[in-house]
Amino acid sequence: MSLPSHHPGDTLLIDYAGGALCEGASLVVATHMAFCPCCRRMVGEMEAVGGALLDDLEPDSVSPDCLDALLARIDRDESLRPPPCRPALQPPAPQRPAHTPTTAARPIIPEPLRGYLGGGLEGKRWRFLQPGMAVIDLRTGSSAVTRLVRMKGGVAAPQHTHGDIELTVVLEGGFSDELGSFQPGDIAIGDPSIEHRPVADPEGCLCLSATIGGLRLTGPIGRILNRFMDF
Amino acid sequence: MADTAPSLEDLLVAVGREQDRLAFGALFGHFAPRLKTYLRRLGCESGAAEELVQEVMLLVWRRAETYDPAQASASTWVFTIARNKRVDSLRREQRPEIDPSDPALVPEADEPADRRVEARQSNDRLRAALKDLPPEQAELLRMAYFEDKPHSVISAEHGIPLGTVKSRLRLAMDRLRKALRDVA
């Protein structure tokens, strides 16, 4: 698989690495990272920045019995623990399937998204949104609406703009809009300055999106639909 | 200057390998007061901050076995634990992260041999580069890491245009990345 060509960029990755990004948006960024070794490295470096900033903080006084209380807690912990049967220095390497199925098990759903779906897409119920477009809603805290979106080939999402930001990562297939063409692993960033109408590629599109601040439909019919529909 | 004191990385490895309580005490002495400042900047009261410091340090004790000094400095590793814990406790959200052992992870094309320079050395260069940042860049960077606000909110609340926030963070990150990557 070719590597992604649309990335979150420094500022969004800093929001993720520092922990300021809400859960839904973080899930989209982390899913992109599963496709993108380059952004994994960048986040590692940004976490190193977090470590250095932590080190440079002015120390605050901690009450003297805080460490004692913690050690007492650790003692209780240890006494409850079964006798050491912990693996020696070299834990066994995680078992991987002898040959990773690449074409059979499409689409590829990496962690952490796989965990949010309880393992995968099998048996999941899709909710109808408009002809050729269905979603699965995911639970990711209250700040964002996070969902898996499936579009049939050639289907267009309604033209819209954004209350705050909308992050979308492609898992399979692809889509195009005013900003470019998005393939698996690519991340698309919508904000209030962007008005777009994503159209699924002929093979269809499966993507994960997190919307903060809602969407506003801007097409002639969409303006009316805004009041009734939950896009 | 005496350079015989064990590094934070040595201490953390000793906790992981031997459940060394003395080493843990020394780690606590370094990190607990800084973690308390971190949590107070994020809005914790003093008492609640100390409780959370205890929780973070308990995780440090429990997970020390998994610490790999070739991957991250001790401060980086502790920072990620503290960040995840505060997202969980203060914001009641999960922290989605990749699983490095996931077979679905798209692998790196080639791992340059010099990538794995001692995390500790690059950390020293990083801290020096942080001190050299222009104040307006350093200030924004601290807000981004310590205020639980994405950069768009920082822009709105502090009346700094979004483009300025972005370019300052990018400039800061460019410099810090150079410090981390350059093996001078």
Among (1) more than 24 Å from B:Leu171 (Cβ to Cβ); (2) in a helix (DSSP H, G or I); (3) free of Cβ contacts under 8 Å to residues at least 12 places away in the same chain, the one test that A:Leu54 misses: (1)
Which one is modelled with the lowest pLDDT, of the residues in segment B:163-182 that are loosely packed, with under 14 Cβ neighbours inside 10 Å, under 16 Å from A:Ala48 (Cα atoms) and not basic (Lys, Arg)? B:Asp182
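Table: residues versus (1) surrounded by 21 or more Cβ atoms within 10 Å (Cβ to Cβ); (2) in a strand (DSSP E or B).
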site: A:Thr168; (1), (2): yes, yes
site: A:Leu171; (1), (2): yes, yes
site: A:Ala188; (1), (2): yes, yes
site: A:Pro192; (1), (2): no, no
site: A:Gly204; (1), (2): no, yes
site: A:Cys207; (1), (2): yes, yes
site: A:Thr211; (1), (2): yes, yes
site: A:Arg216; (1), (2): no, yes
site: A:Ile224; (1), (2): no, no
Between a residue in segment B:89-101 that is more than 13 Å from A:Tyr116 (Cβ to Cβ) and any residue that is in a loop (DSSP other than H, G, I, E, B), which pairs come within a Cβ distance under 6 Å, given they are 6 or more apart or on different chains? B:Ser101/A:Pro94
Within segment A:9-16, identify whether any single residue is at the interface with chain B (Cβ under 7 Å from one of its Cβ atoms), crowded, with 24+ Cβ neighbours inside 10 Å, aromatic (Phe, Trp, Tyr) and not in a loop (DSSP other than H, G, I, E, B), and answer yes or no. no
I need the full set of residues from segment B:1-34 which are crowded, with 19+ Cβ neighbours inside 10 Å and under 18 Å from the mean Cα position of the chain (by Cα), in order please. B:Leu8, B:Glu9, B:Leu11, B:Leu12, B:Val13, B:Leu27, B:Phe28, B:Phe31, B:Ala32, B:Arg34
For segment B:14-62, name all the residues that are among the acidic types (Asp, Glu), within 14 Å of B:Leu90 (Cα to Cα) and more than 8 Å from chain A (Cβ to nearest Cβ). B:Glu45, B:Glu51, B:Glu55
Please enumerate the residues belonging to segment A:72-97 that are within 7 Å of another protein chain (Cβ to nearest Cβ) and modelled with pLDDT of 80 or more. A:Arg73, A:Ile74
For segment A:177-186, which residues satisfy the criterion of being in contact with a Phe, Trp or Tyr (Cβ under 7 Å, 6 or more places away or on another chain) and assigned to a strand (DSSP E or B)? A:Phe182
Scan segment B:117-136 and tell me whether some residue there is assigned to a loop (DSSP other than H, G, I, E, B) and within 11 Å of another protein chain (Cβ to nearest Cβ). yes
Any residue at all in segment B:76-93 that is within 18 Å of the chain's Cα centre (by Cα), surrounded by fewer than 18 Cβ atoms within 10 Å (Cβ to Cβ), modelled with pLDDT under 95 and not in a helix (DSSP H, G or I)? no
Take A:Gly180 and decide whether it is surrounded by fewer than 16 Cβ atoms within 10 Å (Cβ to Cβ) and under 21 Å from A:Cys39 (Cβ atoms). yes
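The values are calculated or read from the model by the stated rules, or taken from the named source; none is laboratory data. Quantities reported herein were computed from a predicted structural model and do not represent experimental measurements. Every residue, glycine as well, gets a Cβ built from its backbone with ideal geometry; the counts of neighbours run over all protein chains shown.
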